[in-house]
Amino acid sequence: MSSASPNKYYKVAVLLFPGADILDFAGPIEVLSHVSHNRNPENPDRMFEITTVASSPAVRAASSLTVHPDLLLPDAVDRISEFHILVVPGGVPPVLQPLIEKNTPELDLIRKFAALPADEPSTPRILMSVCTGTFLLGATGLLGGMTVTTHHTAVDRLRDICAHHNPSDEPATTVLHKRYLDGGLMQGGIRLLTAGGVSSGLDATYYLVSQLTSHDMTAFISRVMEYEWCELKD
């Protein structure tokens with residue numbers, strides 16, 4: 001990932017849907033918010049502007065938290081080129097199944113983001129999923145030849161989803177049980193970052209911050225949040 005950006009903000013879209021796991025999206029939002037609140041005065045451009053996106057004005061996440069998104073899906077699709085990062089949370093399989101069975105607006109948003117111009121120093125583009133959010137990525141048919149992770153109980157299901165949706169001429173998707181994975185560049189040049197179950201999204205977000213700001217900032221945020229970051233090992 002590139003750490004150079006002339007923009008004051010890295011603009012982050014966080015996709016929400018009914019039943020989304022709360023920590024899957026709240027964890028990354030928390031980490032990125034701390035970066036913006038505690039930025040280094042010598043590098044004031046290293047900030048994150050977060051926009052929540054959903055299909056309705058109120059979303060009941062994991063049956064216990066109602067969230068009012070900043071932007072509705074049709075508007076987000078029209079404005080997707082404004083965003084540098086798209087975060088896709090997961091949920092229990094019955095929640096995700098209706099989203100992956102048809103060409104839903106959620107999948108359309110992911111596809112349009114992945115089709116944006118390739119990753120460049122001035123405009124990094126990062127597609128990040130947490131937990132079973134990788135199911136939605138797999139259902140777009142974009143993961144052929146990529147290496148990804150998901151919740152440890154969902155590894156086989158993700159393999160099946162990718163095998164079903166990948167174009168026939170694309171290599172198979174490699175699904176591993178890892179805390180998180182930097183999958184490198186997708187076919188269009190978007191960088192892929194996938195996290196395992198729930199709290200793994202915190203570690204993946206710390207990794208993202210370390211790549212887009214600095215390791216010192218990441219260590220500082222880890223201390224502020226009193227959370228021991230699990231760094232990616234080769």
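Computed from Cα positions, the angle between helix 155-165 and the longest principal axis of the chain comes to roughly 70 degrees. Listed values for the stretch 91-107 are Karplus-derived 3J(HN,Hα) couplings in whole Hz (6.51 cos²θ - 1.76 cosθ + 1.60, θ = phi - 60°), namely x, 5, x, x, 6, 7, 3, x, 6, 9, 7, 10, 7, 7, x, 4, 5, and x replaces Gly and Pro.
Taking every lysine pair in the chain that is 8 or more places apart or spans two chains, those with Cα atoms closer than 30 Å amount to 9. When the solvent-accessible area of the chain is split by element, carbon and sulfur atoms take up 51 percent of it, the probe being 1.4 Å. Across the stretch 23-35, computed HN-Hα scalar couplings (Karplus, 6.51 cos²θ - 1.76 cosθ + 1.60, θ = phi - 60°) run 5, 4, 9, 5, x, x, 4, 4, 4, 5, 5, 5, 4 Hz from first to last residue, x flagging Gly and Pro. The loop-placed trypsin sites (Lys or Arg not before Pro) in the stretch 47-143, going by DSSP, that have at most 16 neighbouring Cβ atoms within 10 Å of their Cβ come out as 79, 102. Given +1 at the Cβ of Lys and Arg, -1 at the Cβ of Asp and Glu and no other charges, the dipole of the stretch 143-234 around its Cα centre is 80 debye to the nearest 20. Mean-square fluctuations from a GNM of the chain, with a 10 angstrom spring cutoff on Cα atoms, peak among 216, 108, 203 at 216. Across the chain, the volume of the C-alpha convex hull divided among the residues equals 115 Å³ per residue. With the simple spin-label model, which puts each label point 7 Å out from Cα in the Cβ direction, the residue 115 to residue 172 separation comes to 2.9 nm. A 1.4 Å probe run over the chain, with the rest of the protein chains in place, finds 44 Å² accessible per residue. Amide H to amide H, with H built 1.01 Å from N, residue 55 comes under 5 Å of 73, counting only residues 5 or more places away or on other chains.
The values are calculated or read from the model by the stated rules, or taken from the named source; none is laboratory data. Values in this document were obtained by computation on a predicted structure and should not be read as measured data. For neighbour counting, all protein chains shown are included, and Cβ atoms are generated from backbone atoms with ideal geometry for every residue, glycine included. Heads up: the accessible areas ignore ligands, DNA and RNA and are worked out on the full protein's heavy atoms, side chains in. Shrake-Rupley method; radii C 1.70, N 1.55, O 1.52, S 1.80 Å.
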